[in-house]
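J.: Encoded as structure tokens, here's the structure I'll be asking about.
The values are calculated or read from the model by the stated rules, or taken from the named source; none is laboratory data. All values derive from a computational prediction rather than experimental measurement. Calculation scope for accessible area: heavy atoms of the full protein, side chains included, ligands and nucleic acids excluded. Shrake-Rupley method; radii C 1.70, N 1.55, O 1.52, S 1.80 Å.
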Amino acid sequence: MNEDRRRAERKELSVEGRLMTPAGEEYTCSVLDISLVGIALSTPAPANLDDKVIIYLNDLGRFEGKVVRMIDNGFCVEIHLVTPRRERVAERIRWLFENQRLPAASAESQRQFPRITPKESGLGAASRLILPNGERTECRVLDMSLSGAHLKTDLRPPIDSRVQVGRMTGRVVRHTPEGIGVHFDTLATELPTDASHLTE
């Protein structure tokens with residue numbers, strides 16, 4: 001498959017998110033299908049052709065683009081991704097697509113990597129979250145894996161913003177009722193048995 005065709009290949013995904021219109025208003029949105037060059041969204045947000053919008057998608061991060069086509073209950077947005085983020089997004093889309101095709105199963109069986117909780121490790125779950133502006137705040141590790149952690153915190157840094165959790169750096173990939181999900185820049189070499197890499 002040539003590069004242009006691969007980039008334009010659309011995947012039907014069920015991904016929730018939110019978007020910001022040129023007027024600065026925020027609306028919920030849901031992905032109908034996505035490729036490396038465009039996203040079809042279902043959303044109540046008003047839009048006109050050529051409007052520039054900002055989109056935050058759970059598990060995929062932040063995108064910017066312009067509205068190129070109107071559809072029922074939404075619109076299509078043209079996006080431009082640069083290397084190496086294009087490769088990361090392509091990998092994440094493939095993983096989400098394959099996992100959403102799996103038969104109904106427990107959430108644990110569909111995770112990319114097995115997760116453990118600090119309670120299982122026998123250590124406390126307290127950690128420190130460092131925000132992009134250098135602000136430090138206490139947080140609590142709810143669970144962790146080779147690739148990331150779910151943190152309990154009252155703060156909600158923007159999706160795709162850079163943070164540090166203990167000694168690990170990464171980016172925010174989701175907001176949850178309890179706090180945030182962080183995807184680490186590097187993977188651990190084996191499943192962690194304690195939370196020591198998340199404490200300073």
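J.: Is at least one residue of the stretch 37-58 part of a strand (DSSP E or B), farther than 19 Å from residue 92 by Cα and open to solvent by less than 10 Å² (accessible area, probe 1.4 Å)?
T.: First pass over the stretch 37-58, keeping only residues part of a strand (DSSP E or B): 38-42, 52-57.
Still in the list and also farther than 19 Å from residue 92 by Cα: 42, 52-54.
From the residues that got through so far, the ones that are open to solvent by less than 10 Å² (accessible area, probe 1.4 Å) too are 53.
Taking every residue of the stretch 37-58 in turn, at least one turns out to be part of a strand (DSSP E or B), farther than 19 Å from residue 92 by Cα and open to solvent by less than 10 Å² (accessible area, probe 1.4 Å).
J.: Counting just the residues of the stretch 59-74 that are modelled with pLDDT under 90 and open to solvent by less than 10 Å² (accessible area, probe 1.4 Å), which one comes out nearest to residue 20 (Cα to Cα)? Break it down into steps so the answer makes sense when it comes.
T.: First pass over the stretch 59-74, keeping only residues modelled with pLDDT under 90: 59-62.
Filter once more, so that each one left must be open to solvent by less than 10 Å² (accessible area, probe 1.4 Å): 60-61.
Details: 60: 16, 61: 14 Å.
Only one residue fits best here, namely 61.
J.: Can you confirm whether the stretch 5-23 contains a residue that is under 24 Å from residue 157 (Cα atoms), basic (Lys, Arg), open to solvent by 20 Å² or more (accessible area, probe 1.4 Å) and at pLDDT 85 or above?
T.: Yes, that holds for at least one residue.
J.: Taking the stretch 75-88, which residues are open to solvent by 10 Å² or more (accessible area, probe 1.4 Å) and either of a type outside the set (D, E, K, R) or under 14 Å from residue 30 (Cα atoms) (or both)? Steps first, please.
T.: Step one: list which residues in the stretch 75-88 are open to solvent by 10 Å² or more (accessible area, probe 1.4 Å), which gives 78, 80-88.
Of everything in the stretch 75-88, those that are open to solvent by 10 Å² or more (accessible area, probe 1.4 Å) and either of a type outside the set (D, E, K, R) or under 14 Å from residue 30 (Cα atoms) (or both) turn out to be 80, 81, 82, 83, 84.
J.: Can you tell me which of (1) open to solvent by less than 80 Å² (accessible area, probe 1.4 Å); (2) at pLDDT 80 or above is the one residue 135 doesn't meet?
T.: (1)
J.: Residue 112 is checked against (1) farther than 30 Å from residue 38 by Cα; (2) modelled with pLDDT under 75; (3) part of a loop (DSSP other than H, G, I, E, B) and fails just one. What number does that condition carry?
T.: (1)
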